[in-house]
Every structure is written in C-alpha cells, then in structure tokens.
Amino acid sequence: MAEIVMELKDIKKFFGNTQVIHDVSFQVQKGDFVTLLGPSGCGKTTILRMIAGFYEPDGGTIRLAGRQIEHIPPYKRNTAMVFQEYALFPHLTVYENVAYGLHVRNLDESKVKQRVNDALKLMQLKGMGDRYPNQMSGGQQQRVAVARALVMKPDVLLLDEPLSNLDAKLRESVRVELRAIQRDMGLTTIYVTHDQQEALSMSDSVIIMQKGHLHQQGTPHEIYFAPRTPFVADFIGTTNLVEVEGTNALIVTYGDTTLMADAVCPAGTVTLSIRPESIRLADTEDEAAAENVLPVQVAYSMFLGEKVRYFLKDATGREWLADIFDPGRRIFEGDVWMYFRADRTHVITESAV
Ligand SMILES: Nc1ncnc2c1ncn2[C@@H]1O[C@H](COP(=O)(O)OP(=O)(O)OP(=O)(O)O)[C@@H](O)[C@H]1O
Ligand SMILES: [Mg+2]
C-alpha cells in the first residue's frame with residue numbers, strides 16, 4: 001500500500017458570509033501527481049493557499065507528513081507554492097530568486113549553488129542566472145518560479161497553473177520535463193490547471209471541483225470513463241447525457257425504445273452518458289452492429305479533418321453528438337441509423353453532490 005502523505009478532511013472556507021469551500025476531503029499518496037481541475041472560481045487556488053498556509057480554513061483538518069498543519073504558519077510547513085501570478089522578487093537576479101529559500105534555511109553555499117544550477121537547467125534556464133525578472137519573458141519568469149519551488153524539495157509542491165504563459169510547444173515540452181523531474185525526485189505534487197488534456201495526460205489522480213464542492217477524485221481513466229456526476233461527465237471531454245427509465249435490470253426505456261446499459265439501472269429516472277466517439281452510423285438498420293440502435297436524422301455535420309462531428313436528432317427530438325473518426329470522404333446525410341455498444345454506456349448514479 002502506498003503511503004498517504006497528505007489528507008484534507010471536511011475543509012470549509014468562508015470569505016465574509018460566502019462559503020467558497022464546502023466540506024472538501026481528499027487524500028494524496030506519497031510521490032503522486034494530483035491535479036485539481038474545475039471552472040474558474042471553483043476554489044482551486046483557495047485550496048492550495050490553505051495547504052500552503054496563506055489562508056486558514058474555517059473548519060476541517062489538514063494533515064501533512066504526519067502533522068496536523070492547518071493552524072501553523074506557512075514557513076513552518078514544508079510546502080512550496082508557485083502562485084498563479086508567480087511573484088518573483090524584482091530586485092533579485094534569477095539565481096538569487098531561486099536560491100532565496102535555501103539561503104533562508106542556511107544551507108551550505110556549495111549545496112545551494114548545485115541545487116540552483118540543477119533547477120535552472122531542468123527548467124531550460126541555463127545561463128540566465130544573472131538576469132533580473134524584468135529582463136525575462138512571462139514564460140521564462142514562470143519557469144523561474146517553478147525552479148524556485150523545486151529546489152526546496154518540499155513535502156508537497158503546489159503549482160497553480162504554472163505553465164499558463166507558455167506557448168503550446170514549450171508548454172508541452174516543459175510539461176513532459178516537469179513530470180519526469182517530479183517522478184525522479186518522488187516529489188508529491190498538487191497541480192492546478194484549466195486544461196483537461198494536461199490533467200488527463202500528467203496525473204496519477206484528478207480531482208474535479210465545482211463551486212467549492214468536490215465532485216470526484218479518481219485516476220484519469222476513472223474520471224473519463226466512470227464519471228460519478230453529470231457535471232464530471234460533461235466537464236471532461238464531451239458527452240451525451242440521456243435521461244432514461246431504469247427497470248432494475250440492464251434494460252432501460254428511452255422514449256418508445258429500449259436501450260441496454262453497461263450496469264444494472266435502478267428503477268426510476270437515471271442518466272446515461274454516451275461519448276460521441278462511441279457512436280457509429282449506418283445507412284440501414286441491418287448494418288448497425290451493436291446492442292443499441294436508433295433511427296436519427298443528420299441535422300448538421302462538421303468536417304474536422306481527423307473526424308466528422310455530427311449533430312443528430314432522434315424521434316423524441318433530442319440532439320446527439322457523434323464523432324466519426326477516419327471518415328474518408330463519406331459524409332452521412334438525411335435519415336440514418338445510429339448505434340452504440342452497451343459497454344460504451346455509463347450509468348451515472350448521482351445527480352449532484
Ligand atoms: N480573498 C478573497 N476574498 C473574497 N473572495 C475571494 C477571495 N479569494 C477568492 N475569493 C472567491 O472565492 C472563490 C474561489 O476562488 P479561487 O481563487 O479559489 O478560484 P479558482 O478555482 O482558483 O479560479 P481560477 O481558475 O479563476 O483561478 C471565487 O468565487 C472567488 O471570487
Ligand atoms: Mg486560481
């Protein structure tokens with residue numbers, strides 16, 4: 001069993017009378033890369049700040065490396081945070097910025113030099129140690145901020161959108177680099193991003209938040225294929241959320257037809273999630289090779305190169321999205337049949353949190 005290095009339990013936070021964090025609980029295993037993902041204003045930065053000690057929670061506990069830390073000051077916690085606005089010291093050089101925390105800890109100068117130079121190299125900032133922050137681009141400053149946090153070898157590294165100012169290409173290479181460094185150093189990391197691809201590709205564990213509530217924590221695979229709430233299903237990727245009537249069996253009723261789900265659906269209204277890429281199209285009902293087949297009309301289609309996205313309408317008037325990959329030159333039009341396998345459906349058990 002992996003060791004749990006950090007645990008938040010029932011964390012609450014108010015600003016004035018407004019509650020912005022609602023009983024958030026999660027655990028982080030040692031060495032894991034955990035991503036907090038959610039819309040703007042959902043509370044990601046507030047959570048990082050409470051872990052780092054810049055805000056005190058109004059309820060709940062935070063444990064880090066065996067200590068309860070929610071009321072102890074930031075400098076007595078072994079955390080390091082890279083802020084969304086990356087706040088470098090303007091009057092210090094890049095080298096001095098990165099070395100700052102180590103000097104505060106009175107580390108031996110030769111060790112400081114080695115750690116700082118290693119970190120600068122890792123962040124592709126070699127040779128820039130003598131510059132001042134105002135002589136660097138936004139993306140370079142962001143990398144200095146990451147280097148400054150890395151050198152501290154914290155119990156947990158807190159990164160708040162640290163790559164947001166990098167262009168797509170550099171962002172991808174720094175992302176790969178950062179993940180490799182994090183793995184090598186066994187550095188437990190909590191990472192905040194808006195970018196779903198980044199979250200899915202980098203993380204051991206993803207936490208999805210909305211309006212201060214934690215919806216789900218899971219591996220990228222679990223979050224994508226087994227979303228617990230409609231919000232998670234819709235936030236990660238794109239999906240068709242369909243309300244059906246369950247019958248305590250695999251069969252569910254949808255309008256005048258029946259569909260087969262991947263799991264037993266309780267009686268009553270349940271939501272099925274079916275991803276656009278799980279849907280196929282055929283000209284005739286006979287060609288449709290799956291458990292679930294529906295006649296639909298193509299309302300609109302968009303050619304996107306590697307795929308065609310179809311906007312379909314079924315007999316109930318509901319719209320479905322279907323992504324057909326490797327479409328060749330074939331574009332479906334008019335009345336067609338849509339089909340999908342039962343094991344590509346996912347029953348969403350909770351309506352909200
Ligand atoms: N110091 C503060 N005083 C009052 N309200 C605040 C304060 N800091 C944050 N908030 C509010 O708390 C909520 C959560 O903010 P937070 O900064 O944690 O969001 P976020 O998820 O990091 O968003 P973003 O993705 O835009 O950075 C927001 O509604 C925000 O307006
Ligand atoms: Mg934020």
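Reachable lysines from Lys111, Cα under 17 Å, same-chain residues fewer than 8 places away excluded?
Counting by Cα, and skipping residues close in sequence, Lys111 has these lysines nearby: Lys121, Lys153.
Setting aside same-chain residues fewer than 8 positions from Lys9, which lysines have a Cα under 20 Å from its Cα?
Hits, sequence-local ones excluded: Lys30, Lys44, Lys211.
On the protein heavy atoms, probe 1.4 angstrom, tell me the percent of accessible surface of the chain carried by carbon and sulfur.
Details: 8360 of 17130 Å².
Answer for the chain: carbon and sulfur cover 49 percent of the accessible area.
Pull up all non-local amide H partners of Trp320: gap of 5 or more, or a different chain, and H-to-H distance under 5 Å with H placed in the peptide plane.
So Trp320 has HN proximity to Leu312, Lys313, Asp314.
Between Asn97, Asn106, Asn292, where does the largest GNM mean-square fluctuation fall for the chain, given springs only between Cα atoms within less than 10 Å?
Fluctuation is largest for Asn106.
For labels at Ser40 and Gln197 in the simple 7 Å Cα→Cβ model, what's the distance in nm?
2.1 nm
Whole angstrom only: what separates the Cα centroid of the stretch 262-341 from the Cα centroid of the stretch 84-146?
52 Å
Based on Cα coordinates alone, diagonalise the gyration tensor for the stretch 238-348, multiply each eigenvalue by 5, take square roots, and list the semi-axes in whole Å, largest first.
Taking √(5λ) for each eigenvalue gives 25, 13, 12 Å, largest first.
Quick one: Karplus J couplings for the stretch 223-233, per residue in order, coefficients 6.51, -1.76, 1.60, θ = phi - 60°, nearest Hz, x for Gly and Pro?
With the stated coefficients, the stretch 223-233 comes to 4, 6, 9, 10, x, 7, 10, x, 4, 4, 4 Hz.
Under 12 Å from the Cβ of Phe14, count the other residues' Cβ atoms, weight Lys and Arg +1, Asp and Glu -1, and hand me the total.
Numbers: positive: Lys12, Lys13; negative: Glu56, Asp58.
Its environment carries a net charge of 0.
With no solvent and one equal point scatterer per Cα, compute the Debye intensity ratio I(q)/I(0) for the chain at 0.15 Å⁻¹ and report its log10, rounded to two decimals.
One equal scatterer on each Cα of the chain leads to -1.19.
Provide the gained length on full extension for the span Thr269 to Arg309, in nm with one decimal, where the gain is 0.36 nm per separating residue minus the Cα-Cα distance.
Values: separation 40, 0.36 × 40 = 14.40 nm, distance 2.84 nm.
Separation in residues times 0.36 nm, less the Cα-Cα distance, equals 11.6 nm.
Among 34-41, 159-166, how do they line up from the highest to the lowest mean number of other beta-carbon atoms within 10 Å? Before the final figure, lay out each step's value.
Values: 34-41: 19.1, 159-166: 20.8.
Those peptides, ordered most packed to least, come out 159-166, 34-41.
Could you check the spin-label model distance between Glu109 and Tyr75? Points 7 Å from the Cα along Cα→Cβ, value in nm.
2.3 nm
Could you tell me how far the Cα centroid of the stretch 215-259 sits from the Cα centroid of the stretch 7-81, in Å?
That distance is 30 Å.
For the stretch 64-96, list residues with backbone N below 16 Å from a point placed 7 Å from the Cα of Glu56 toward its Cβ?
Under 16 Å, as judged by backbone N against the label point of Glu56, lie 68-77 of the stretch 64-96.
Consider a paramagnetic label point 7 Å from the Cα of Lys126 along Cα→Cβ; state which residues of the stretch 150-179 have an amide N under 12 Å from it.
none
Pulled fully out, how much extra length does the chain show between Glu243 and Thr349, if you take 0.36 nm times their separation in residues and subtract their Cα-Cα distance? Numbers along the way, then the final one.
Numbers: separation 106, 0.36 × 106 = 38.16 nm, distance 1.17 nm.
Roughly 37.0 nm would be gained on extension.
Taking only protein heavy atoms into account and a 1.4 Å probe, give the accessible area per residue of the stretch 217-353 in Å².
Working: 7080 Å² over 137 residues.
Per residue, the stretch 217-353 has an accessible area of 52 Å².
Using only helices, what value at 222 nm comes out for the chain when you add -39,500 (n - 2.57) per DSSP H run of length 4 or more and divide by the total residues, to the nearest 500 deg cm²/dmol?
On the way: 8 runs with 84 residues, N = 353.
One gets -7000 deg cm²/dmol as the mean residue ellipticity at 222 nm.
Using only Cα atoms, tell me the angle between helix 138-150 and the longest principal axis of the chain; keep it within 0 to 90° and round to the nearest 10.
The answer is roughly 70 degrees.
Given R₀ = 30 Å, what would the calculated FRET efficiency be for Phe89 paired with Asp167, taking r from the Cβ atoms and rounding to 0.05? Working shown, then result.
Details: r = 25 Å, r/R0 = 0.85.
For R0 = 30 Å, the calculated efficiency reads 0.75.
Along Cα→Cβ, 7 Å out, is where each label goes; now give me the distance between the ones at Thr258 and Arg63 in nm to one decimal.
Once both label points are built, they end up 5.0 nm from each other.
Considering only the other residues whose Cβ falls under 13 Å of the Cβ of Gly129, what net charge follows from Lys and Arg at +1 and Asp and Glu at -1? Write out the running numbers ahead of the final one.
Values: positive: Lys113, Arg115, Lys121, Lys126, Arg131, Arg143, Arg148; negative: Glu96, Asp118, Asp130.
Taking every other residue near Gly129 into account, the sum is +4.
What net charge is computed for the residues neighbouring Pro327, neighbours being all others with C-beta under 12 Å from the C-beta of Pro327, Lys and Arg scored +1, Asp and Glu -1? Walk me through the numbers before you get to the answer.
On the way: positive: Arg280, Lys307, Arg309, Arg329, Arg330; negative: Glu306, Asp323, Asp326.
Summing Lys/Arg as +1 and Asp/Glu as -1 gives +2.
The values are calculated or read from the model by the stated rules, or taken from the named source; none is laboratory data. These numbers were taken from a predicted model, which means no experiment stands behind them. Don't worry about glycine lacking a Cβ; one is built from the backbone with ideal geometry, like all the others, and counts go over all protein chains shown. To get the accessible areas, we keep the full protein, side chains included, count just its heavy atoms, and leave off ligands, DNA and RNA. Shrake-Rupley method; radii C 1.70, N 1.55, O 1.52, S 1.80 Å.
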